[in-house]
Amino acid sequence: IMRNVANGKPLAIGECAEIPDTWRLANEPLWTFFMSWSELTFEYNSDDKLWNVYNDRRVITRDEMGDWQNGGGSCGGCGDGGGGSGGGLKGDWETCSSSNE
């Protein structure tokens, strides 16, 4: 449906509950960005799906974009995307978010 509405233009979606999966990203190359909505990220997407999507070569995550507010550098508080801190994906995301407030 989105591709039909876009009519060849780039696709973007913000404040969604379910993020596009890796199949969709591979088969619909017009995606420019997606952003899930806060707690809905974890209610509508499994840890496996989140890990697979955010580690896909087509996806640039916040920690790869640098610190826009302070003119460069990296997030520094982000985990490895795989729950390296033992808290799972949500714990890593919350660590990154709180370290940049």
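The values are calculated or read from the model by the stated rules, or taken from the named source; none is laboratory data. A quick note: this is a predicted structure, and the numbers were derived from the prediction, not measured. Cβ atoms come from the backbone with ideal geometry, glycine included; neighbour counts cover every protein chain shown. Ligands, DNA and RNA are stripped out before the accessible areas are found, and what is left, the full protein with its side chains, is counted by its heavy atoms. Shrake-Rupley method; radii C 1.70, N 1.55, O 1.52, S 1.80 Å.
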Inset, instruction - Please verify whether the range 8-30 includes one or more residues that are in contact with a Pro (Cβ under 7 Å, 6 or more places away or on another chain) and open to solvent by less than 80 Å² (accessible area, probe 1.4 Å). - result: yes
Inset, instruction - Would you point out the residue of the range 31-57, among those that are touching a Ser or Thr at 6+ places or on another chain (Cβ under 8 Å) and assigned to a loop (DSSP other than H, G, I, E, B), that is least open to solvent (accessible area, probe 1.4 Å)? - result: 45
